[in-house]
1. If we keep just the residues of segment 129-175 that are part of a helix (DSSP H, G or I) and aliphatic (A, V, I, L, M), which is farthest from Asp192 (Cα to Cα)?
2. With the condition kept exactly as written, say whether any residue in segment 27-41 is touching a residue at least 12 places away in the same chain (Cβ under 8 Å), surrounded by 17 or more Cβ atoms within 10 Å (Cβ to Cβ) and under 16 Å from Val90 (Cα atoms).
3. If we scan segment 98-106, do we find a residue that is over 13 Å from the mean Cα position of the chain (by Cα), of a type in the set (S, T, N, Q) and at pLDDT 95 or above?
4. List the residue pairs whose Cβ atoms are under 7 Å apart, where the first residue sits in segment 140-155 and is closer than 19 Å to Val187 by Cβ, the second is among the polar types (S, T, N, Q), and the two are 6 or more positions apart or on different chains.
5. Scan Ala164, Ala156 and give me the residue that is open to solvent by less than 10 Å² (accessible area, probe 1.4 Å), at pLDDT 95 or above and not hydroxyl-bearing (Ser, Thr, Tyr).
6. Give the residues of segment 108-128 that are within 30 Å of Asn23 (Cβ to Cβ), open to solvent by 20 Å² or more (accessible area, probe 1.4 Å) and not in a loop (DSSP other than H, G, I, E, B), sorted by residue number.
7. For residues in segment 56-104 being part of a loop (DSSP other than H, G, I, E, B) and β-branched (Val, Ile, Thr), which is least open to solvent (accessible area, probe 1.4 Å)?
8. Evaluate segment 17-29: report whether one residue or more is over 18 Å from the mean Cα position of the chain (by Cα) and in a loop (DSSP other than H, G, I, E, B).
Amino acid sequence: MTTDTPGSPAPGTPAQRLADLVNAHAVVHGRVTLSSGKEADYYVDMRRVTLHHEAAPLIGHLLLDRLEESGYGPGEIDAVGGLTLGADPVVCAVQHAAASRGLDLDAFLVRKEAKGHGMKRQVEGPDVAGKRVVVLEDTSTTGGSALTAVEACRRAGAEVVAVASVVDRDTGAREAVERAELPYLWVLSAADLGLAPQ
């Protein structure tokens, strides 16, 4: 499985502006333990940009562009979604970017586990059964969150065709997703942000 690799953002482009916003608002330096259990010298708190007034629309359009360039645009897929909470604003940003272009793209959110009451669903939103979907993340470390969402989507009857992330930390997510035989896309890498992979 080959992975489509974007080039470094050119100066003055929307991708470079997003990189600047991520560096200014989301990169926190200092020793931290990641959700994967790994330790790192920095943390990328993407909610500081996925919910930012300028960065959120940039994320939606840049990620939608990556999907379209790689053959996973709204003409080829039915919906985008991901594991709550990190993916929630990313999913909405991509859906809104598509709508602003007159394109139909549903969204869904994946709970960490199915609800114990009501409809007892793990995948919330329009039904994904029989749909072609892409799983989204705000930032990827090991790929574990994305693969959890992939499995939930498959149990709900969806055909998962790719995984995409706003920021790839270059710490194993690509390889994990590729081992699951899925294409993996991203907008910014650790190198694009001037961060060393860990």
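1. If we filter segment 129-175 for residues that are part of a helix (DSSP H, G or I), which is where we start, we get 144-155, 173-175.
After this cut, where a residue has to be aliphatic (A, V, I, L, M) as well, the list is 146-147, 149-150, 152, 173.
On the way: Ala146: 21, Leu147: 24, Ala149: 26, Val150: 27, Ala152: 31, Ala173: 16 Å.
Once the filter is applied, the top-ranked residue is Ala152.
2. For segment 27-41, residues touching a residue at least 12 places away in the same chain (Cβ under 8 Å), surrounded by 17 or more Cβ atoms within 10 Å (Cβ to Cβ) and under 16 Å from Val90 (Cα atoms): absent.
3. Taking segment 98-106 as the starting set, the residues that turn out to be over 13 Å from the mean Cα position of the chain (by Cα) are 98-106.
Then drop every residue that is not of a type in the set (S, T, N, Q), which leaves 100.
Going one step further and asking which of them are at pLDDT 95 or above, we end up with 100.
Yes; the residues of segment 98-106 include at least one that is over 13 Å from the mean Cα position of the chain (by Cα), of a type in the set (S, T, N, Q) and at pLDDT 95 or above.
4. Pairs that qualify, where the first residue is closer than 19 Å to Val187 by Cβ and the partner is among the polar types (S, T, N, Q), are Ser140/Ser165; Thr141/Ser36; Thr141/Thr171; Thr142/Ser36; Thr142/Thr171; Ala146/Ser140.
5. Unique residue meeting the criteria: Ala164.
6. Residues of segment 108-128 within 30 Å of Asn23 (Cβ to Cβ): 109-110, 112.
Next, from what is left, pick out any that are open to solvent by 20 Å² or more (accessible area, probe 1.4 Å): 109, 112.
Leu109 - this is the single residue of segment 108-128 that is within 30 Å of Asn23 (Cβ to Cβ), open to solvent by 20 Å² or more (accessible area, probe 1.4 Å) and not in a loop (DSSP other than H, G, I, E, B).
7. Applying the first criterion (part of a loop (DSSP other than H, G, I, E, B)) to segment 56-104 yields 70-78, 84-87, 101-104.
This time we only want the ones that are β-branched (Val, Ile, Thr), so: 77, 84.
On the way: Ile77: 5, Thr84: 42 Å².
By that ranking, first place goes to Ile77.
8. no
The values are calculated or read from the model by the stated rules, or taken from the named source; none is laboratory data. The model shown is predicted, which means the values in this text are computed figures rather than measured ones. All Cβ positions, even for glycine, are placed from backbone atoms using ideal geometry, and neighbour counts span all protein chains on display. SASA here: full protein model, heavy atoms, side chains in, ligands and nucleic acids out. Shrake-Rupley method; radii C 1.70, N 1.55, O 1.52, S 1.80 Å.
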